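Peer 1: The structure's right below; bear with me while I get my questions together.
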Amino acid sequence: MAQVRPARQEDLPAIVEIHNARLTETTHEWTEVEHTVTEWSEILERKQRRHEPLLVSEVEGEVVGWTTYGDFRDTGRWECYSVSVEHTIHVHQDHWGQGIGRALMDALAEAARQAGKAVMVAGIDSTNVESIAFHARLGFTETARMPGVGQKLGRRLDLVLMQKDLTTP
């Protein structure tokens, strides 16, 4: 049985491993630079200072997935966006289809509601049809397609924006 809990410093190597797992072979994440434990240590500290969740899912003591959210746009400059957050979620491929992603997203959405957030946004590469379908099953609606706004692996990428209203049941 998977358990969702706040991430701790000792979870960072697993988070980084999951995050980097398909980085070089897919366009699912729009970077070609591998993530590091040092980088994630700083991210965890920043999230703790800002009271933003970084959650992990653990199965038999092993971290198998993680999720977090952050500002949608720059709320320091455009404070009216502060009711919205953009999230990311990653589950180890060996654990897809086991309800871990749903459990993580349910916990993240609840944390966002508790923080007074009204909208959760997902930015997804258009070729990541599994993620688009996953988000649709969770009640996210596609709100935009932005052609050619990214580039990775020698080709232009389209961004799909999906959102979920957290104020409705």
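The values are calculated or read from the model by the stated rules, or taken from the named source; none is laboratory data. The model shown is predicted, which means the values in this text are computed figures rather than measured ones. Cβ sites come from the backbone with ideal geometry, for glycine too, and all protein chains shown count toward neighbours.
Peer 1: Please verify whether the stretch 65-88 includes one or more residues that are among the polar types (S, T, N, Q) and at pLDDT below 95.
Peer 2: yes
Peer 1: A follow-up question, please. Residue check: is residue 77 surrounded by fewer than 18 Cβ atoms within 10 Å (Cβ to Cβ), assigned to a helix (DSSP H, G or I) and among the basic types (Lys, Arg)?
Peer 2: No: the conditions fail for residue 77.
Peer 1: Of all residues in the stretch 22-40, how many are of a type in the set (A, V, I, L, M) and either on the phi > 0 side of the Ramachandran plot or at pLDDT 90 or above (or both)?
Peer 2: Residues flagged as of a type in the set (A, V, I, L, M) and either on the phi > 0 side of the Ramachandran plot or at pLDDT 90 or above (or both) within the stretch 22-40 amount to 2.
Peer 1: Condition (residue is in contact with a Ser or Thr (Cβ under 7 Å, 6 or more places away or on another chain), polar (S, T, N, Q) and within 18 Å of residue 5 (Cβ to Cβ)) applied to the stretch 83-94: is it met by at least one residue?
Peer 2: yes
Peer 1: I've got another one for you. Criterion first (at pLDDT 95 or above, of a type outside the set (Val, Ile, Thr), under 11 Å from residue 67 (Cβ atoms) and not in a strand (DSSP E or B)) does residue 107 satisfy it?
Peer 2: yes
Peer 1: State whether the residues of the stretch 86-95 include one that is in a helix (DSSP H, G or I), without any contact (Cβ under 8 Å) to a residue 60 or more places away in the chain and either aliphatic (A, V, I, L, M) or closer than 27 Å to residue 119 by Cβ (or both).
Peer 2: no
Results for (1) within 29 Å of residue 1 (Cβ to Cβ); (2) not in a helix (DSSP H, G or I), shown as yes or no for each residue.
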position	(1), (2)
116	no, yes
120	yes, yes
131	yes, no
136	yes, no
146	no, yes
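Peer 1: Just the residues that are closer than 14 Å to residue 90 by Cα, without any contact (Cβ under 8 Å) to a residue 60 or more places away in the chain and among the aliphatic types (A, V, I, L, M), please, taken from the stretch 16-35.
Peer 2: Within the stretch 16-35, 16, 23 qualify.
Peer 1: Would you check which residues across the stretch 36-53 are closer than 27 Å to residue 128 by Cα, more than 15 Å from the chain's Cα centre (by Cα) and touching a residue at least 24 places away in the same chain (Cβ under 8 Å) and list them?
Peer 2: Matches in the stretch 36-53: 37 only.
Peer 1: Can I ask one more? Confirm whether residue 19 is in contact with a strand residue (DSSP E or B) (Cβ under 7 Å, 6 or more places away or on another chain), in a helix (DSSP H, G or I) and either at pLDDT below 95 or surrounded by fewer than 13 Cβ atoms within 10 Å (Cβ to Cβ) (or both).
Peer 2: yes
Peer 1: Additional query: Could you list, in sequence order, the residues of the stretch 148-169 that are buried (at least 16 other Cβ atoms within 10 Å of the Cβ) and either part of a strand (DSSP E or B) or of a type in the set (Gly, Ala, Ser) (or both)?
Peer 2: 150, 152, 157, 159, 160, 161, 162, 163, 164
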